[in-house]
Every structure is written in C-alpha cells, then in structure tokens.
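See structure below.
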Amino acid sequence: MELKDKLVLVAGAGISGIGAVGLLKAAGADVILYDGNEKLMEEELYEKMRVSCVQDLDSVDVVLGELSEEIAKEIDLCVISPGIPLDVPFVKMLQSYQKPIWGEIELAYRCSRGKVVGITGTNGKTTTTALTGQIMENYYKKAFVVGNIGTPYTLMAGRTTDESVTVAEISSFQLETIDEFRPNVSAILNITPDHLNRHKTMECYIDTKFMITKNQTKEDVCILNYEDEVLRERAGKLNCRVVFFSSRRKLDDGIYLNEDKNIVLAKQGVETVIMNLREMKLVGIHNAENVMAAIAIAEAMGVPKESYINTIQNFKAIEHRIEYVKTVHGVAYYNDSKGTNTDASKKALESMEQDTILIAGGYDKGSEYDEWLDAFGTKIKCLILLGATADKMEETARRHGFTNIIRVRSLKEAVEKAASQAESGNNVLLSPACASWDMFKSYEERGRLFKQYVKELD
C-alpha cells in the first residue's frame, strides 16, 4: 500500500505508536493518534511526538477514549500497538469495515531498506538478539537492533540503507499483524506455553510464532532448535532453507554441542569446531543454545568465523537474565526478572549450583506450574511468593509436597524475607515465572527494584 496521502489510525500512544506516527508522517500520510485511555493528556502526547521529531505535528489529530464509527469508516489503514489484543471492540469494528490492520513490525518493514534478521521464540530472544546484533555491528558498517528488545523498529526504519542490517526481536503479539514482512534470516528458538491468556490455545500460539516464516522463500533461511519437537516436526512444511542447532545430539548438517562442550559446525560433510563453552562469558546450556542460534544466523549472513567468534567471547549476559547482583553475608543474589514464564524460570533454576531461596509470582498469563515445581528438586529450600499468581503457585506447590512457602505483599519484603532465610553459601534468586504487569510497569522495573533492595541489605 502506498502511504502517501492515506489517512492512518495509529492505535496505542506508547513509544512504538509515537514511532509509527513519525514514520507515517515522513511517508506523507495523514495520521490520527488514538488511545482508548481517555485520561491521557493531549498536550503530553504532542510533546512526546515533538521530542521524537515527528514532522508536521499540526496535521496529527489525537483521539482519546472511544473510537467513533465515523473515524473507523474514514481511515484507510490502522497501525496497532502489539499490546492491544485483536479481539477488542474497536478492532472488531475496523475489521467489520474491512480496514487493513498492521502492526509496527509490518509498517517499519515496508518503510525500511537493507537486510533483516527476525528472531522469535518463547525464551532466549533477547540474549540471542543482543548477541546477533553485536555480531552484525562488529562486521557490517551499519546495523540496527530493534523490536521487543527495547527500541521500536519504527524509530529506526527511516535510518536504514541498502547496505544496513536490521536485527529484530519479535514477539508473538507483533507477529499477529504481519502481512508482507519477510526476513532474510529468521530464527525460532523454542516454543513452550506462554501468553495463553491472549492466544487461548497452544496451537494458536504455535501458528503465530511460525508467522515469522510466512513470506520466506527458498532464498531465505530459518534457524530452528532441533530439540524442540514442535519445531522439528514443522520444519519440513517451510518454504525456506532450514538450519538446525542442537544442544543434545550430533547433527550431520547444522550446529551442535558435542560431549566435550565444543560447538561444532557441520556443513556438507565437513565438521569444524567453532569454540568451547569455556571460552564464553555466558553460562548455562540455554545460553549455549542462544549462541548456536547466533552462529547459525551469522553464517547465513556471511559473517566470517573469526569476527563472530571474537564477539561471542567478549559478550556478557544481558541485564535481568540470571544477572549476578551482589553477595551479602556469603549469600549470592541473582536477578532473573526476565524469567517471565515457567520455562525461562526453569532454566534459571538449573543454573543455580547451591541451595536457593526462590522469589516468584506475578501477573497471571494462564500458565500451569506443575512442571516448574518438578524442576525444584532438592535445590529450592524456600519459596517466597507475591503477586496475582501467589495463590495458584502455592496450591500447586503444596500439591507437589513443597511446603516451605512464605507469602509477602511487596518485592522489598520478599528480599528481606529471603535474606532472613538464607545461610552463607546459599543463593537468592528472583525468577518470577510470571509477567510483571500486576505490580510493576515492566520486568525491567521489577529487576531494577530487586537490585536496589539487595544493595540496601546490610
């Protein structure tokens, strides 16, 4: 669709929505910025757009509260924030008038140039995206790291060139609204239950994740985890070339971890040892998988081995993902606020080598916690619960025979209780297995507060 002179409704006045307004104005579109929260202040939104250097602000209308049918009929296109579900009334109204609905990923893709790498999966997206982005930045003259990792694609699309590379972390919410989006290289790291409160069924969630391959052809590449049964079974149905990685078995063609903890590249009958896990600053098998995915992407993008190996060796863990905070009275504190589902939290538990006090609980995404409880083994000595899922988690824990449970009302209280329960040589781990939205604005805010409270301990 040619955007010039089109009337576009941008739904959602957050950072990605503001970025979309700027991109649309630069493309010559007329824009209405809409948000269902009628308590927002128009002048504050205009100031945000001004700070973001949105062109021709006088021609941008702001609509708050309920969307009228008149506007719904008038617009040519809606660009919707990923945080807005597609079953809300105003979206259904737009659909009834057969108005096209794009997400920020689709809009940014249509307005950008150069090569694109798209990374999705339930867990590991942010680490893999950050590492892959660093690899591309260290080799290509111009590279951008965007998407769910923090910087909206819409804010960077206008800066891309024919020679640049864009590495995008893409959530299932963002994949719901793609149309022509086609990454040169895609990666699906794993698929485990998550966001079922939005997607309703696992089948829907899986289908949405595979949308990243929707427009790929035999000229493109998709990186998949061989140890994920769903990915392995669906690989044969894809139109693009598939490259597998595995942390558990040898592959004849792909990237795998051998018994000596070497990462091996197998290609056309030739095996090459890339590096040993001891050479990395990242720890844990889950990070070995993230690194193998990044290597597969780098190979597909033509990055020389010496370049990406050097980047991997110097890459450090990202904030809020099994992040060491401080040792107090012999107790080590770890911030895994980004462990927002049970599978991510299980990986954090597996990385703990000492007896651990676990702080968990948060926003209810419709998850079940039985397998998470099974992963406790004998390692977790005390479970401290807070947030909306605390009742559900406690009921599941007691059903599994785990009874050393403490309920708290705040994260600060959780840290204090954990400190009182821990002995020298123990770990305290914040790994909620839940989203943060019941008590915090984001998992980043939750993680920063956790670190603050830990540093305040005597």
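Rule-based calculations on the coordinates, nothing more; no lab input. The structure presented is a predicted model; accordingly, all values stated were derived computationally and were not measured. With ideal geometry, Cβ positions are generated from the backbone for all residues, glycine too; neighbour counts draw on all protein chains shown.
If Lys and Arg each add +1 and Asp and Glu each add -1, what is the summed charge of the other residues whose beta carbon sits under 14 Å from the beta carbon of residue 75?
Counting the neighbours of residue 75, the net charge comes to -4.
Towards the positive end of the charge dipole of the chain, with charges on Cβ (+1 Lys, Arg; -1 Asp, Glu), say which of 128, 91, 268 has the farthest Cα.
So the residue furthest toward the plus end is 268.
How far apart, in nm, are two points set 7 Å out from the Cα along the Cα-to-Cβ line at residue 202 and at residue 2?
4.8
Give, as a single signed number, the net charge of other residues whose beta carbon lies under 10 Å from the beta carbon of residue 210, with Lys and Arg counted +1 and Asp and Glu -1.
Net charge in that neighbourhood comes out at +3.
Per-residue ellipticity at 222 nm for the chain, helices alone: DSSP H runs ≥ 4 residues times -39500 (n - 2.57), over residue total, nearest 500 deg cm²/dmol?
-9500 deg cm²/dmol
May I ask you to list the aspartates and glutamates whose Cα is less than 17 Å away from that of residue 250, ignoring any residue fewer than eight positions away on the same chain?
List returned: 227, 228, 229, 259, 260, 271, 289.
Report the paramagnetic label zone for residue 326: residues of the range 403-423 whose backbone N is under 20 Å from a point 7 Å from Cα along the Cα-to-Cβ axis.
410-423
Run the reach check for residue 365 against lysines, Cα to Cα strictly under 22 Å, same-chain hits fewer than 8 apart removed. What comes back?
In chain and number order, the partners are 125, 200, 209, 338, 346, 347, 392, 441.
Using modelled amide H (1.01 Å from N, peptide plane; none on Pro or chain starts), what sits under 5 Å from the amide H of residue 29, excluding residues fewer than 5 places away?
Answer set, sorted by chain and number: 5.
Using the Karplus equation 6.51 cos²θ - 1.76 cosθ + 1.60 (θ = phi - 60°), what ³J(HN,Hα) coupling, rounded to whole Hz, does each residue of the range 216-232 give in order, writing x for Gly and Pro?
Once θ is set to phi - 60°, the couplings for the range 216-232 become 6, 10, 5, 7, 9, 10, 10, 9, 10, 7, 5, 7, 8, 4, 4, 5, 4 Hz.
In the range 15-53, which trypsin sites (Lys or Arg not before Pro) are in a loop and have at most 15 other Cβ atoms within 10 Å, using DSSP for the loop call? Before the final figure, lay out each step's value.
Values: sites: 25, 39, 48, 50; in loops: 39.
Answer in residue order: 39.
Tabulate in residue order the Karplus-calculated ³J(HN,Hα) for the range 50-65, using 6.51 cos²θ - 1.76 cosθ + 1.60 with θ = phi - 60°, rounded to whole Hz; enter x for Gly and Pro.
5, 4, 7, 6, 5, 6, 6, 4, 4, 9, 9, 8, 10, 10, 10, x
Using the beta-carbon distance between residue 87 and residue 307 and R0 = 35 Å, what value does 1/(1 + (r/R0)^6) give for FRET efficiency, to the nearest 0.05?
0.15
With just the Cα atoms defining each centre, how far is the range 43-82 from the range 270-333? Give it in Å.
The two parts, judged by their Cα centres, are 42 Å apart.
Enumerate the amide H contacts of residue 166 below 5 Å, restricted to partners 5 or more residues apart or on another chain; note that Pro and chain-start residues carry no placed amide H.
Under 5 Å from the amide H of residue 166 lie the amide H atoms of 115, 116, 117, 144, each far enough along the sequence or on another chain.
Between residue 74 and residue 217, how high is the FRET efficiency from 1/(1 + (r/R0)^6) when r is the Cβ-Cβ distance and R₀ = 56 Å? Nearest 0.05.
Computed FRET efficiency for residue 74 and residue 217 comes out at 0.95.
What nm distance separates the two modelled labels at residue 247 and residue 407, each placed 7 Å from Cα along Cα→Cβ?
3.5
Using θ = phi - 60° and the Karplus form 6.51 cos²θ - 1.76 cosθ + 1.60, what ³J(HN,Hα) does each residue of the range 346-360 get, whole Hz, x for Gly and Pro?
In residue order, the calculated couplings are 4, 5, 5, 4, 5, 7, 7, 9, 10, 4, 9, 9, 9, 9, 9 Hz.
What is the set of long-range amide H partners of residue 384 at a cut-off below 5 Å, with H atoms built 1.01 Å from backbone N?
358, 359, 360, 406
Cross-link list 6/73; 326/379; 6/39; 142/281: which exceed 22 angstrom alpha carbon to alpha carbon? Don't skip to the end; give the middle numbers.
On the way: 6/73 13 Å; 326/379 20 Å; 6/39 28 Å; 142/281 25 Å.
Beyond 22 Å: 6/39; 142/281.
Between residue 50 and residue 355, how many nm apart are label points set 7 Å from Cα along the C-beta direction?
6.0
Straight-line reach only, C-alpha to C-alpha below 13 angstrom: list the aspartates and glutamates that residue 141 could link to, leaving out same-chain residues fewer than 8 apart.
162, 163
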